[in-house]
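The values are calculated or read from the model by the stated rules, or taken from the named source; none is laboratory data. Note that the structure is predicted; figures quoted are calculated from it, not measured. Please note: Cβ atoms are built from the backbone with ideal geometry, for glycine as well, and neighbour counts cover all protein chains shown.
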Amino acid sequence: MESSAETARFPEHATDPRAPGLRLAPTRTRPLAAVARDYIALTKPRIISLLLLTTVATMFVADPSGPPLATVLWTMLGGYLAAGGAGAINHYLDRERDARMARTRERPLVAGRIEPVHGLVFGIVLGALAVVQLAITVNVLAAALALAGLLGYVFVYTLWLKPLTPQNIVIGGAAGAVPPLVGWAAAAGSLSAEALWPFAIVFLWTPPHFWALALLIKDDYARTGVPMLPVVAGDAATRRQILAYAIGLAALTVLPWATGLFGTLYLVAALALGAAFAGLAAYLVAHPSRRAALRVYLASLAYLALLFCAMAADRVLGT
């Protein structure tokens, strides 16, 4: 623990007595570039990059001839603003829990580099800008879906389900599956039954992806009282659930081909990627270790990215 002398010399290290673990915002002026980096960090850009990939890929699934470049760029901007706004609000709502987790204790609001209320306002402004920008430059349906995803992530997942049930990520994962719907609406101007396939794939992918991460940071969740599956049901049960979902996901990804939405290129990719992902999940069950859990987590990211690229390529090439 820092000494009182250190706190006196570096007031930015002082903690907020109203919320132990949270540090007060610095009193000295910080470089503008550093402040900008912290505000960008609030948007969770690494997560958004995968969301935007699923959005743009789905645009080409909905319109294989290729949506106008301006529509793609405006949709990406609106998607970033909406997801970034949700991320910033999440930083605000989770700041006390984040202060007790090794993985998140250096986030800008927790470390005191940004005032919590400033982070909240930033998130709300980004979300509002996203809705207005998408409504004006793309269409109202895309804007409404983006707003639904933001509200679902903030109110349904973060505020309601996350502290309540180990099934939080299963139900709350619907919010993370909204970007493909935004992409479809942006490209086609409406939603069809076929738009539910990309949504369903992301929805079913979310639990095994997130539970693999939860295995790695189970102690953090236990310390904060968040009932993630490994904390409530144990590691072995979580590993079995990851395998069950991976197998179910692999089966689900074949169905869009069976309905005629996709062709051979997609089918080959779906089968190969599904077998690889399920195989890694099976290895995690048979040989439990942090390394195996990390491998499943990282593979899940590559899996979703490659699968959506295969979707877009299949439709554009007309296989």
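At a glance:
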| quantity | calculated |
| --- | --- |
| Unique residue being under 24 Å from residue 221 (Cα atoms), crowded, with 21+ Cβ neighbours inside 10 Å and under 17 Å from the mean Cα position of the chain (by Cα) when the list is 57, 83 | 83 |
| Residue tally, condition free of Cβ contacts under 8 Å to residues at least 60 places away in the same chain and under 20 Å from residue 125 (Cβ atoms), over region 141-174 | 6 |
| Test for residue 200: is it within 22 Å of residue 51 (Cα to Cα), out of contact with any strand residue (DSSP E or B) (no Cβ under 6 Å at 6 or more places or on another chain) and not assigned by TED's automatic domain parsing to the domain that holds residue 53 | yes |
| Search result, residues across region 66-84 that are hydrophobic (A, V, I, L, M, F, W, C) and within 16 Å of residue 178 (Cα to Cα) | 76, 77, 81, 82, 83 |
| Within region 125-155, considering residues that are surrounded by fewer than 16 Cβ atoms within 10 Å (Cβ to Cβ) and under 13 Å from residue 81 (Cα atoms), the one farthest from the chain's Cα centre (by Cα) | 132 |
| Every residue from region 171-182 that is modelled with pLDDT of 90 or more and aliphatic (A, V, I, L, M) | 174, 175, 177, 178, 181, 182 |
| Filter result for residue 112 (touching a Leu at 6+ places or on another chain (Cβ under 8 Å) and modelled with pLDDT under 95) | yes |
| Tally, over region 286-319, of residues that are β-branched (Val, Ile, Thr) and either under 12 Å from residue 212 (Cβ atoms) or not assigned by TED's automatic domain parsing to the domain that holds residue 243 (or both) | 1 |
| Candidate set: region 95-125, residues that are of a type outside the set (Lys, Arg) and touching a Ser or Thr at 6+ places or on another chain (Cβ under 7 Å); chosen: the one farthest from residue 75 (Cα to Cα) | 101 |
| Region 213-223 - residue that is assigned to a helix (DSSP H, G or I) and surrounded by fewer than 18 Cβ atoms within 10 Å (Cβ to Cβ) and, of those, modelled with the highest pLDDT | 216 |
| Selection from region 41-54 of residues that are over 16 Å from residue 173 (Cβ atoms) and among the polar types (S, T, N, Q) | 43, 49 |
